[in-house]
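Enquirer: Let me begin by handing over the structure; questions about it come next.
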Amino acid sequence: MRGEQTPRLREALEEDIVAGRLRPGQRLDEASLAERFGVSRTPIREALIQLSASGLIQMRPRRGAYVALLGPRELVESFELMAEIEASCARLAAQRLGPADRMAINQAHLACCEAVAAGDDDAYYPANARFHAAIYAATGNRVLRAEAIRLQTALQPYRRLQLKVPRRIAASLAEHEAILNALLEGDGAGAAERIRAHVLVQGERFMSLLAALQQEAEPAD
């Protein structure tokens, strides 16, 4: 029974982190989580260990588990890596787009447009993730896709937070439009260049992200 509980708990906690309900730097108390889910602390501990392996959780000796909170240098370097991985995805996707891929990317972009038109920031976050995931899938490269998904999942709390910066969602949508056009034109180099710039967090965007982290994250005990 316990072995069946752990994946369910891990997925629920992962969803809470990605959706921003559990914020970077927030402490995860095993007793409180066990009470919330109506289970013993053992499957909670196992789920936290699994999330630690994925990079979403940090286990601190004698202090417990915390939602991962990257330092400024780690944040920059992680986004640099993400930008290069997504650039590779976009370049391959532009060369290999099939009808189903075109439809998936277009539908995700349309969902982003509808969220912006409705002023629904909460709807934009998952639509944005689907847009990127559709590009990963269009590469036809399972290894690259898996690595992109792994890092995207680890950085999702930060990518979500940066979208809270004023006017960032509108800018993100415009960047999606440019990426989409390059993909549909088969312009691999252009798609790679555009998505690299879209993912990179630097300059004012980086400072805004740090400010958002300071406001959102609870101080570590």
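The values are calculated or read from the model by the stated rules, or taken from the named source; none is laboratory data. Values in this document were obtained by computation on a predicted structure and should not be read as measured data. Cβ atoms come from the backbone with ideal geometry, glycine included; neighbour counts cover every protein chain shown. Calculation scope for accessible area: heavy atoms of the full protein, side chains included, ligands and nucleic acids excluded. Shrake-Rupley method; radii C 1.70, N 1.55, O 1.52, S 1.80 Å.
Enquirer: If only one of Ala93, Ala111 is part of a helix (DSSP H, G or I) and open to solvent by 20 Å² or more (accessible area, probe 1.4 Å), which one is it?
Expert: Numbers: Ala93 fails: open to solvent by 20 Å² or more (accessible area, probe 1.4 Å).
None of the others qualify; the one that does is Ala111.
Enquirer: Would you be able to say whether some residue in the range 55-72 is assigned to a helix (DSSP H, G or I), in contact (Cβ under 8 Å) with a residue 24 or more places away in the chain and within 25 Å of Glu193 (Cα to Cα)? Can you show your working first?
Expert: Looking only at the range 55-72, we keep the residues that are assigned to a helix (DSSP H, G or I), and these are 72.
Those still in the list that are in contact (Cβ under 8 Å) with a residue 24 or more places away in the chain too: 72.
Right, trim to within 25 Å of Glu193 (Cα to Cα) and you get 72.
Yes, the range 55-72 has at least one match.
Enquirer: Something else: Within the range 136-148, take every residue that is open to solvent by 20 Å² or more (accessible area, probe 1.4 Å) and farther than 20 Å from Met103 by Cα and give me the one that is farthest from the chain's Cα centre (by Cα). Let's see the steps before the verdict.
Expert: Within the range 136-148, the first condition is being open to solvent by 20 Å² or more (accessible area, probe 1.4 Å), and the residues that meet it are 137, 140-147.
If we keep only those that are farther than 20 Å from Met103 by Cα as well, we get 143-144, 146-147.
Values: Val143: 18, Leu144: 16, Ala146: 13, Glu147: 13 Å.
Once the filter is applied, the top-ranked residue is Val143.
Enquirer: For the range 125-135, give me each residue that is farther than 13 Å from Arg159 by Cα, buried (at least 22 other Cβ atoms within 10 Å of the Cβ) and of a type outside the set (A, V, I, L, M).
Expert: Phe131
Enquirer: Of the residues that sit in the range 8-34 and are part of a helix (DSSP H, G or I) and open to solvent by 50 Å² or more (accessible area, probe 1.4 Å), which one is modelled with the highest pLDDT?
Expert: The first filter runs over the range 8-34 and keeps only residues part of a helix (DSSP H, G or I), leaving 8-18, 30-34.
Applying the additional criterion that residues be open to solvent by 50 Å² or more (accessible area, probe 1.4 Å) yields 8, 10-11, 14-15, 32.
Values: Arg8: 86, Arg10: 87, Glu11: 82, Glu14: 83, Glu15: 79, Ser32: 93.
That would be Ser32.
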